[in-house]
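These notes are about the structure you will find just below.
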Amino acid sequence: MLDPHVKIPVLTAMSDAADVSLAAKTLATALCHAELECVVFFCSAEYPLPELAAALNNAFGETPLVGCTTAGEITPRGYDRGSIVALGFDRRWFSIETALIAALDDFSLPQAQQQVDQLISQIHQRHAVVQPGRFFAMTLLDGLSSQEELVLVALDSALGSIAHFGGSAGDDIQLAGTHVFVNGAFHTQAAALTLVRTSLDFEVFTTHHMQSLAHKLVVTAADPDSRCVYELNAEPAAQVYADMLGLHPQQLNPDVFALHPLAVKLGQEYYVRSIQKVNPDLSLTFYCAVGNGMVLTAMQPQPILPDLEKRFADIESRIGKPLITLGCDCFLRRLETEHLDSLDEASSFFRHHRVIGFNTYGEHFDGVHINQTFTGVVIGEA
């Protein structure tokens, strides 16, 4: 355990040990101290999750833990895989409460309001002596639940002016099972809502590197509940999308989807709706809900790092040097970075700006479920 007098608001740790006991002990040795308020972690889905849960609970004791599985981790080394990364928050700067949302398919606004009010009340009651500060919220959600839109809209209404970000759990692009961790166990078809109050300066943000093109596709047959689009422009969806790119449907894969995204325009902003897979009937399954009549715009990725550099410079001009940035980075951005052989450059940027986080199956920003963005919170130094 660290010196009880340590005064670092957020500590970080990671392990790439395959043995879950060793990985958990490594994190606890780096993070545990007398003022530890909460630990947030992101782990590879390669770990045996029941064993990892037991090891983490044993290593951290009564300290609250919240986290999820990933499609890749962002550790102190930058982009990583097959690892677990964690942040330990000091209660002298942070008051944190977390709740499990166990039934996503019928989650309602009254339930959301009750949950948010309860977390605010718990912070006020349990942390009355902590210096007051501002709130932000983080959501982690089963990335294969197809319930993000329902849950996020309800929570956004309940949170009101409280800034909110988050990410959907991944499973290393296996699309087999994604999990969130709260109350000592991993869960599917569930979400973790974490409310944070801090006296430190922070800014919740989202950014993307896409530029709109002239090509438009109209959704003419879709099932929003399953996120499946059967027809675009009244023809088989995968065929239309492939034709637009000069490809055969059999050539469509995650790399193609990452480099040739589609987006919906809401107001003056474009929100990417990323394709998950091609189905045998030439329909397309998306990571976000897509409904009948929606107009999708072809998007052209621009260089990723210049966009990030500009966004971070803007934020840091207001709140100063970052203590930590908790980031939710779409796994398709990582695929694009790998395709362009730019992982080392991106990892260097993350190290310089103290980014810790994970690659997601979708990002959450103020009630909206989006894809191919970098979304998170920058927390300034004390």
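Observations, loosely collected:
- In segment 198-206 there is at least one residue matching the filter, namely being under 18 Å from residue 263 (Cβ atoms), touching a strand residue (DSSP E or B) at 6+ places or on another chain (Cβ under 6 Å) and not in a loop (DSSP other than H, G, I, E, B).
- Residue count for segment 270-291 under the criterion of being within 17 Å of the chain's Cα centre (by Cα) and farther than 23 Å from residue 172 by Cα: the result is 1.
- Check on residue 69, in contact with a Cys (Cβ under 7 Å, 6 or more places away or on another chain) and within 23 Å of residue 177 (Cβ to Cβ): yes
- Checked against (1) crowded, with 20+ Cβ neighbours inside 10 Å; (2) free of Cβ contacts under 8 Å to residues at least 12 places away in the same chain, residue 146 passes all but condition (2).
- Filter pass, residue 77 being open to solvent by 10 Å² or more (accessible area, probe 1.4 Å) and in contact with a Gly (Cβ under 9 Å, 6 or more places away or on another chain): no
- Residue list for segment 178-217, restricted to those being over 30 Å from residue 124 (Cα atoms), over 16 Å from the mean Cα position of the chain (by Cα) and open to solvent by less than 40 Å² (accessible area, probe 1.4 Å): 209, 210, 217
- Checked against (1) out of contact with any Ser or Thr (no Cβ under 8 Å at 6 or more places or on another chain); (2) under 19 Å from residue 376 (Cβ atoms); (3) outside any helix (DSSP H, G or I), residue 176 passes all but a single condition, namely (2).
- Counting only helices (runs of 4 or more DSSP H) that sit wholly inside segment 277-382, those with at least 1 residues that are open to solvent by 10 Å² or more (accessible area, probe 1.4 Å) and among the aromatic types (Phe, Trp, Tyr) are 343-352.
The values are calculated or read from the model by the stated rules, or taken from the named source; none is laboratory data. Predicted model, so just to flag it, every value in this text is computed and none were measured. Note: ideal-geometry Cβ built from the backbone for every residue, glycine included; neighbour counts use all protein chains shown. Ligands, DNA and RNA are stripped out before the accessible areas are found, and what is left, the full protein with its side chains, is counted by its heavy atoms. Shrake-Rupley method; radii C 1.70, N 1.55, O 1.52, S 1.80 Å.
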